[in-house]
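Right, one structure below, let's go through it.
The values are calculated or read from the model by the stated rules, or taken from the named source; none is laboratory data. Note that the structure is a prediction, hence the values are computed from the model and not measured. Positions of Cβ are backbone-derived with ideal geometry, glycine not excepted, and every protein chain shown enters the neighbour counts.
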Amino acid sequence: MTVEEYNQSVDKYSDGIYRFILKNLRDTEYSRDIVQDAYERLWKNLANVSGEKVKSYLFTTAYHIMIDHIRKNKRVDHVDEFSGNHIKDFTQYSDLQEILHQAVDKLPQVQKSVVLLRDYEGYSYEEIGKITGLNESQVKVYIYRARVFLKNYIGSLETVI
């Protein structure tokens, strides 16, 4: 891969990687850091990555950096989880997008990642498998389970609107 191809990959893929990580983490600063780390790793492996594989390499690298970040901060989140009372609010919402974001946030991390890659970023099952390290059938199962959860969480549209 040449320096020119590297610069083109920044223009083409950095925004998509950022959106994917941001939808998972909901933290702009960490999301920017992860994108920057992914491009840093690409720069260090410039000679080993071909121009055709750069998109897959970047998403895979960013995904793994994100998972490492989540694992590292998981202990802190568990303490916050038990500190307050969790009361569900069953009032009616008019913002379906807000409800969908809440539902996606409640998914297990692997389901959340595969759904975002498939439905928001438009990747094929095979590409998602390469990015996440899962086989194609596992990806399909996780997407199915996530969609069933989202359907049950959102419920009927009459209660939402």
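Only one of Ala47, Ala62 is assigned to a helix (DSSP H, G or I), at pLDDT below 90 and not polar (S, T, N, Q); which?
Just a single option satisfies the conditions, and that option is Ala47.
Here is a list of conditions, (1) modelled with pLDDT of 90 or more; (2) not in a helix (DSSP H, G or I), and Met1 meets all of them except one; can you say which number that is?
Condition not satisfied by Met1: (1).
Restricting to the stretch 65-90, name every residue that is modelled with pLDDT of 85 or more and surrounded by fewer than 10 Cβ atoms within 10 Å (Cβ to Cβ).
Result: no residue meets the conditions.
When the residues of the stretch 46-64 are narrowed to those that are within 12 Å of the chain's Cα centre (by Cα) and surrounded by fewer than 20 Cβ atoms within 10 Å (Cβ to Cβ), which ends up farthest from Lys12 (Cα to Cα)?
The residue in question is His64.
Quickly run through the stretch 110-134 and pick out the residues that are among the β-branched types (Val, Ile, Thr) and crowded, with 19+ Cβ neighbours inside 10 Å.
Across the stretch 110-134, the qualifying residues are Val114, Val115, Ile128, Ile131, Thr132.
Mind checking whether some residue in the stretch 11-26 is at pLDDT below 90, surrounded by fewer than 18 Cβ atoms within 10 Å (Cβ to Cβ) and more than 14 Å from the chain's Cα centre (by Cα)?
No; the residues of the stretch 11-26 include none that is at pLDDT below 90, surrounded by fewer than 18 Cβ atoms within 10 Å (Cβ to Cβ) and more than 14 Å from the chain's Cα centre (by Cα).
Of the residues that make up the stretch 5-26, is at least one touching an Asp or Glu at 6+ places or on another chain (Cβ under 9 Å), part of a helix (DSSP H, G or I) and farther than 21 Å from Arg118 by Cα?
no
Could you check the stretch 132-148 and list, in sequence order, the residues that are out of contact with any Phe, Trp or Tyr (no Cβ under 9 Å at 6 or more places or on another chain) and of a type in the set (A, V, I, L, M, F, W, C)?
Val141, Ala146, Val148
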